[in-house]
Every structure is written in structure tokens, then in C-alpha cells.
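The values are calculated or read from the model by the stated rules, or taken from the named source; none is laboratory data. Because the structure is predicted, anything quoted here is derived from the model rather than measured. Surface areas here come from the heavy atoms of the whole protein model, side chains and all, with no ligands, DNA or RNA. Shrake-Rupley method; radii C 1.70, N 1.55, O 1.52, S 1.80 Å.
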Amino acid sequence: MNGGEVALAALGIVATVCAALIWVVKFLFTKNDKTNNRLASSIEKSANASHALQQSLAARDARDHEFQRDVIDALGKVSISLDQLDRKSDANLNAVQLIASLVEKEAAV
């Protein structure tokens, strides 16, 4: 073999090694792209689930707030009714005491 043939053979070997390296790098990038795409998809699904959960919690909080407001309104009405009942009870007690004192006075006369 002369020098030109050796150089040509060496160039063929280098070209084959370079082609193999390019294929390996391309394979790794493709694999990384697939992994990155799966990761991005998982992150997007997690973000969507988080957003849905946030909306669900906001709706539940709104319902809870409305329920609390209704309970407070109902308790306010019960309190007013109890105050009215207390006043009527006091008035009835005063009337009964007045009648009792009048009956005692009549009985003493």
C-alpha cells in the first residue's frame, strides 16, 4: 500500500467513526427530546390539575361563605325572636304579679 491508499483508508475509517458518533449524538438528542416532551406533558397535566383544584377550592370557599352568611342571618333572626319573647314574657310576668297583688289587696279588704 502506498501513502495515498493508506490516507484514503484512514479517511474512510475516520468518516465511519464520525458517522457513528453523529448517529449516537442524534439518537441521544432524540431520546432527550422524547424525555423532555414527556416531562413537559407531565408538568402541563400537573399544572392543569392544580388549576382545577384551585377552582374547586375557590367554589367550595364561596359556598362555605354563603352558608356561613345564611347561618348568621338565621341566628340573628332567632336572637331577635328570643328578645321579643323575653320582653313578652317579662310583660306577662308583670301582669301576673299585678293581678296577684290586686287579688291580695282585694282579699285583705
Query raised in the report: How would Leu57, Leu98 line up by accessible area, probe 1.4 Å, largest first?
Result: Leu98, Leu57
Query - Average accessible area per residue (Å²) across the chain - probe 1.4 Å, nucleic acids and ligands excluded - result: 89
Query - Percent of Cα-Cα distances greater than 14 Å, calculated over segment 56-109 - result: 72
Report task. Enumerate the whole-percent occupancy of each 10 Å bin, from 0 to the last occupied one, for all C-alpha pair distances of the chain. Result -> 11, 12, 10, 10, 9, 8, 8, 7, 6, 5, 4, 4, 3, 2, 1, 0
Report summary line: Of the accessible area of the chain, computed with a 1.4 Å probe and all protein chains kept, carbon and sulfur make up a percent value of 65
Query raised in the report: How fast does segment 31-82 diffuse by Stokes-Einstein, in µm²/s, taking the Kirkwood radius from C-alpha pairs at 4 °C and 1.567 mPa s?
Result: 90
Query raised in the report: Which value results for Rg/Rh of segment 1-63 when Rg is the Cα radius of gyration and Rh the Kirkwood radius based on the inverse mean 1/r?
Result: 1.64
Report summary line: In degrees rounded to 10, the 0-90 angle between helix 3-108 Cα long axis and the longest Cα principal axis of the chain is 0
